[in-house]
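The structure appears right after this line, and notes come after that.
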Amino acid sequence: MEKEPQKANTSGRRDFLKTTAVAAAAFMIVPRHVLGGPGFLAPSDKLLVAGIGAGGKGQSDIAMFAKSGKADIAFLCDVDTRRAANSVKNFPKAKFYKDYREMLDKEHKNFDAVSVSTPDHNHAVQALAAMQLGKHVYVQKPLTHDIYEARILTAAAKKYKVVTQMGNQGASNDGPRQMKEWYDAGLIGDVHTVYAWTNRPVWPQGIPWPTTKGQVPAELDWDLWLGTAPYRDYVDKLVPFNWRGWWDYGTGALGDMGCHLLEAPFSVLNLKYASEVEASVGSVYVDEFKRGYFPESCPPSSHVTLKFPKTNKTKGEVTVHWMDGGIQPERPEELQANETFGDGGNGTLFIGTKGKMMSETYSANPKLLPLTRNKDIKVPAKYKRVPGGADGHYAQWVEAAIAGYGKQEVSSPFEIAGPLTEALLMANLAIRGFDIKETKNGRDTYPGRYVKLLWDNDNMKVTNLDAANQFVKRQYRQGWNDLKL
């Protein structure tokens with residue numbers, strides 16, 4: 001008798017195929033960073049950065065973003081191909097543009113974030129244009145050239161919900177966090193006075209505008225470099241560095257070093273907006289009893305005094321002194337004769353009711369005074385450190401931008417960097433006010449000298465010297481639109 005054929009186990013086969021298919025599908029959707037092993041980032045997990053300003057500081061900024069391992073430099077933009085040459089060589093896959101407006105218009109769908117490392121007078125228009133496209137932005141210090149611009153960018157960060165960071169990398173150092181812990185622990189009592197000083201400027205200031213017209217280098221687009229500033233014929237040695245000493249483009253020693261040296265007082269004491277400011281400036285004499293008058297140039301030195309209202313970290317007002325051009329405050333009596341004040345050329349000093357503390361450039365190496373106090377400090381750390389300190393400032397922004405708005409903390413977001421920049425620019429109101437000239441009855445007068453400027457913060461105006469308000473908001477050159485949110 002013939003045996004009945006054995007039936008196939010169809011249900012088992014179906015289960016096998018189903019299991020195999022699910023396993024295969026699961027394998028296919030494993031994230032690429034898992035397949036690539038520890039530390040691997042899929043292209044979609046990297047921040048695509050467009051750099052506006054690819055030479056000088058722009059070159060080092062871009063390199064630091066790439067060094068984080070979490071950013072790709074997708075586009076480069078610079079008005080000067082000479083200055084950009086190294087970045088172009090280092091990032092050969094990055095497409096190059098000279099005009100940032102063309103880059104943003106044509107390529108905005110192809111990158112996530114923008115780094116702005118250009119002269120001060122173009123920071124605001126470049127950063128705002130990127131923010132309005134939903135791009136995260138990293139902007140070199142000072143944040144802006146004018147107070148009005150700083151207020152606009154601060155509001156824009158909140159409106160467009162983008163991750164922002166100003167390039168005062170000392171804000172990510174351990175120093176400010178260490179000093180906050182000491183201050184919170186009451187080691188120096190209530191701070192009422194702060195001094196910050198610098199050996200800058202290290203470029204010419206207090207000089208007349210050159211009378212000799214220069215030859216524009218073939219590699220430089222002079223009109224684009226001028227950007228928002230009034231048109232002038234090209235002069236030698238303005239580009240790439242000495243623009244810092246001219247009011248049309250730079251913000252002087254305050255703009256260069258103030259964001260580094262005053263960041264700690266802002267973060268330790270929670271300072272916001274100043275209420276009043278006064279200044280004295282160094283003189284340049286061109287003949288016997290004849291003081292030079294160079295209103296287009298920043299002065300060779302200055303001493304500015306700012307008054308800040310009481311905060312939740314102070315018992316009363318705080319007076320902040322800024323000194324540049326090599327001027328320094330009186331040496332603290334707690335320092336021994338051969339002990340260095342700050343780091344020599346630069347520093348910040350906090351004076352409290354129970355003691356003093358100081359730090360160096362970038363708020364590095366904070367110390368209590370006298371220095372013997374530092375041997376037995378036992379204050380627990382309560383503020384999270386940034387991996388890498390000042391160098392980690394770049395990776396911190398990259399990682400926060402990848403995470404998205406409001407997901408991760410950054411050290412110098414515009415909500416902090418904006419008020420800090422405004423304070424510095426308010427100090428410049430007093431410095432520039434020194435050169436305001438009015439002629440009455442054939443006699444020149446200088447109404448901004450030897451006075452205190454009173455500040456209406458809500459309306460962004462000086463209330464007792466209207467002539468100083470011309471510096472709160474510039475008139476952009478024709479063809480460059482005013483900032484609008």
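The values are calculated or read from the model by the stated rules, or taken from the named source; none is laboratory data. Bear in mind that the values here come from a model prediction, so they are computed numbers and not experimental data. Every residue, glycine among them, receives a Cβ derived from its backbone with ideal geometry; neighbour counts consider all protein chains shown. Please note that ligands, DNA and RNA were not included when accessible areas were found on the heavy atoms of the full protein model with its side chains. Shrake-Rupley method; radii C 1.70, N 1.55, O 1.52, S 1.80 Å.
Using the structure shown, select from K67/K158; K315/K378; K67/K135 the pairs with a Cα to Cα distance greater than 23 angstrom. Mind dumping the intermediate values first?
Details: K67/K158 28 Å; K315/K378 25 Å; K67/K135 21 Å.
Over 23 Å Cα-Cα: K67/K158; K315/K378.
Compared with the dominant Cα axis of the chain, that is its longest principal axis, helix 174-184 is turned about 70°.
Compactness ratio of segment 170-315: Cα Rg over 2.2 N^0.38 Å, N = residue count? If you can, show how the numbers build up before the last one.
Details: Rg = 19.8 Å, N = 146, 2.2 N^0.38 = 14.6 Å.
My calculation over the Cα atoms of segment 170-315 gives 1.35.
May I ask you to work out the translational diffusion coefficient for segment 401-458 at 37 °C, viscosity 0.692 mPa s, via Stokes-Einstein with Rh from the Kirkwood sum over Cα pairs, reported in whole µm²/s?
Details: Rh = 14.8 Å.
So the translational diffusion coefficient is about 222 µm²/s.
Sites listed here are chymotrypsin sites (Phe, Trp or Tyr not before Pro) in segment 338-418 whose DSSP assignment is loop and whose Cβ has at most 14 other Cβ atoms within 10 Å: Y383. Using 28 Å as the Cα-Cα cut-off, could you pick out the over-long pairs in K272/K437; K70/K367; K57/K93? The answer is K272/K437; K70/K367. Built from the Cα atoms of segment 93-178, the convex hull projects on average onto 6.7 nm², one quarter of its surface area.
Taking L76, L48 and ordering them by how much accessible surface each has at a 1.4 Å probe, largest first, produces L48, L76. Per residue, the accessible area of segment 389-460 comes to 44 Å² when a 1.4 Å probe rolls over the protein heavy atoms.
Binning the alpha carbon pair distances of segment 440-485 at 5 angstrom intervals from zero yields the distribution 5, 16, 19, 17, 16, 13, 9, 4, 1, expressed in whole percent. Selection among N428, A85, Y450 by position relative to the dipole of the chain gives A85 as farthest towards the positive end (Cβ unit charges, Cα centre). Based on protein heavy atoms only, segment 264-377 ends up with 49 Å² per residue of surface accessible to a 1.4 Å probe. For Cα extents along the principal axes in Å, the value computed from the atomic coordinates appears in the list (1) 61, 56, 36; (2) 75, 50, 48; (3) 135, 61, 42 under label (3). Evaluating kT/(6 pi eta Rh) at 20 °C and 1.002 mPa s, with the Kirkwood radius of segment 295-443 over Cα pairs in the Stokes-Einstein relation, gives 112 µm² s⁻¹. With the simple spin-label model, which puts each label point 7 Å out from Cα in the Cβ direction, the N374 to Q408 separation comes to 3.1 nm. Potential lengthening of the chain between K290 and V235 amounts to 17.1 nm, from the contour at 0.36 nm per residue minus the alpha-carbon distance.
For segment 51-59, the Karplus equation 6.51 cos²θ - 1.76 cosθ + 1.60, evaluated at θ = phi - 60°, returns couplings of x, 9, x, 10, x, x, 5, x, 4 Hz by residue, with Gly and Pro reported as x. Between N199 and L133, the FRET efficiency estimated from the beta carbon spacing at R0 = 41 angstrom works out to 0.55. Considering only N464, I402, F241, and ranking their Cα positions along the charge dipole of the chain that arises from unit charges at the beta-carbon of Lys, Arg, Asp and Glu, the one farthest toward the positive end is I402.
Per DSSP H run of n ≥ 4, the term is -39500 (n - 2.57); total these for the chain, divide by its residue number, and report the mean residue ellipticity at 222 nm rounded to 500 deg cm²/dmol. Write down the numbers at each step before the final one.
Details: 13 runs with 140 residues, N = 485.
It comes out at -8500 deg cm²/dmol, rounded to the nearest 500.
By the gyration tensor of its Cα atoms, with a ≥ b ≥ c the square roots of the eigenvalues, what is the shape of segment 369-485: rounded for a/c under 1.5, prolate for a/b over b/c, or oblate?
On the way: a/c = 3.44, a/b = 1.65, b/c = 2.09.
Because a/c hits 1.5 or more and a/b fails to exceed b/c, segment 369-485 counts as oblate.
Sparse packing (at most 12 other Cβ atoms within 10 Å of the Cβ) combined with a DSSP loop state is found for the following GluC sites (Glu not before Pro) in segment 237-339: E288, E330, E333. The value obtained for segment 43-106, namely the Cα convex hull volume divided by the number of residues, is 73 Å³ per residue.
Based on alpha-carbon atoms only, what is the radius of gyration of segment 166-214 relative to the globular estimate 2.2 N^0.38 Å? Mind dumping the intermediate values first?
Working: Rg = 19.4 Å, N = 49, 2.2 N^0.38 = 9.7 Å.
Against the empirical 2.2 N^0.38 Å value, I get 2.01 for segment 166-214.
Of the trypsin sites (Lys or Arg not before Pro) found in segment 111-209, those that fall in a DSSP loop while having at most 14 other beta-carbon atoms within 10 Å are K161.
Which value, in debye to the nearest 20, gives the size of the charge dipole of segment 31-185 about its Cα centre, when Lys and Arg are +1 and Asp and Glu are -1 at the Cβ? Can you show the working numbers first?
Details: 22 positive and 16 negative charges, 72 e Å.
Dipole about the Cα centre, nearest 20: 340 debye.
Only aspartates and glutamates eight or more places from K382 in sequence, or on another chain, were considered; those with a Cα closer than 15 Å are D174, E181, D184. Residues in segment 367-380 carry Karplus couplings, in order, of 9, 7, 10, x, 5, 5, 5, 6, 6, 10, 6, 9, 10, x Hz; the curve used is 6.51 cos²θ - 1.76 cosθ + 1.60 with θ = phi - 60°, and Gly or Pro positions show x.
Check the straight Cα-Cα distances from K473 and name the aspartates and glutamates below 17 Å, setting aside those fewer than 8 residues away within the same chain. Of all the aspartates and glutamates, those that pass the test against K473 - Cα under 17 Å, at least 8 places apart if same chain - are D120, D146, E149, D248, E296, E422, D456, D458, D482. Counting only heavy atoms of the protein chains and using a 1.4 Å probe, H145 has close to 10 Å² of accessible surface. Its Cα centre serving as origin, the chain has a Cβ charge dipole (Lys and Arg +1, Asp and Glu -1) of approximately 1320 debye. Expressed as a whole percent, the accessible area of the chain that falls on carbon and sulfur atoms is 51 (1.4 Å probe). Among the aspartates and glutamates, which fall within straight-line cross-link reach of K180, defined as a Cα-Cα distance under 15 Å, with same-chain neighbours fewer than 8 residues apart omitted? Candidates past the 8-residue exclusion: D190, E263.
Mark the label point 7 Å from the Cα of F96 along Cα→Cβ and return the residues of segment 210-226 whose backbone N is within less than 19 Å of it. The answer is 217-225, whose backbone nitrogens lie closer than 19 Å to the label point. Measure nothing fancy, just the Cα-based angle from helix 252-261's long axis to the longest principal axis of the chain, in degrees from 0 to 90, nearest 10. Result, in degrees: 60.
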